[in-house]
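What follows draws every value from the coordinates through simple rules; no lab data is involved. Because the structure is predicted, anything quoted here is derived from the model rather than measured. Every residue, glycine among them, receives a Cβ derived from its backbone with ideal geometry; neighbour counts consider all protein chains shown.
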Amino acid sequence: LSEEKLVAITNSSSEEDMLYHKQWERSNRLSLVFLRMIIANNIKATISQTESTKAYLMLVVENFHSLDKSLGTLMAQLITMKYDRLRGMQECIIEMANIEARIKTLGMMVDDSFLV
C-alpha cells in the first residue's frame with residue numbers, strides 16, 4: 001500500500017526490478033485476499049472486484065460512508081418515533097419493525113428491549 005506499482009516489466013528490466021515487481025504483486029494479492037475476508041458482507045457485496053489493494057480500499061471507504069449515512073438516518077427515525085394517536089398502535093409497531101429490519105440488513109443489530 002505504501003509503494004506504487006512499478007511500470008510494466010520488460011526484457012531490459014534489471015533482475016532487482018523483476019524481483020521487486022514479483023514481491024509487490026504477491027503482497028498486493030495477499031492484501032486483497034485478507035481484506036475480502038475481514039470486511040463485512042453487507043459492504044463487500046456492493047464493492048466491485050479490483051486488482052489493486054489501494055483501489056479496493058478506496059471503494060470500501062466510499063461505500064462505508066454512504067452505508068453509515070443510511071444507518072444514521074434509520075437510527076434517527078427509530079429513536080425519534082412517537083405514537084401520535086392519529087393512526088393505530090399496530091401501524092406504529094409495524095413501522096418500527098420495518099425500520100428495525102432495514103437496520104439489520106445494513107449489519108447492525110437492534111435489541112428487542114430497545115423497541116419496547
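Some points to look at:
- Relative contact order for the chain: 20 percent, from Cα pairs under 8 Å spaced at least 6 residues apart, divided by residue count.
- FRET efficiency, LYS44 to ALA101 (Cβ-Cβ, R0 30 Å, nearest 0.05): 0.90
- Between 0 and 90°, nearest 10: helix 53-80 axis offset from the chain longest Cα axis: 10
- Between the helical axis of 15-38 and the longest alpha-carbon principal axis of the chain there is an angle of about 10 degrees.
- In the chain, the calculated helix contribution to ellipticity at 222 nm averages -22000 deg cm²/dmol per residue, counting -39,500 (n - 2.57) for every DSSP H run with n ≥ 4.
- Computed on the stretch 39-115, the Cα convex hull volume stands at 89 Å³ per residue.
- Acute angle (nearest 10 degrees) that the helix 89-105 long axis makes with the longest principal axis of the chain, alpha-carbon atoms: 10
- Placing a pseudo-label 7 Å from each Cα along the Cα-to-Cβ vector at LEU115 and LYS69 gives an inter-label distance of 2.8 nm.
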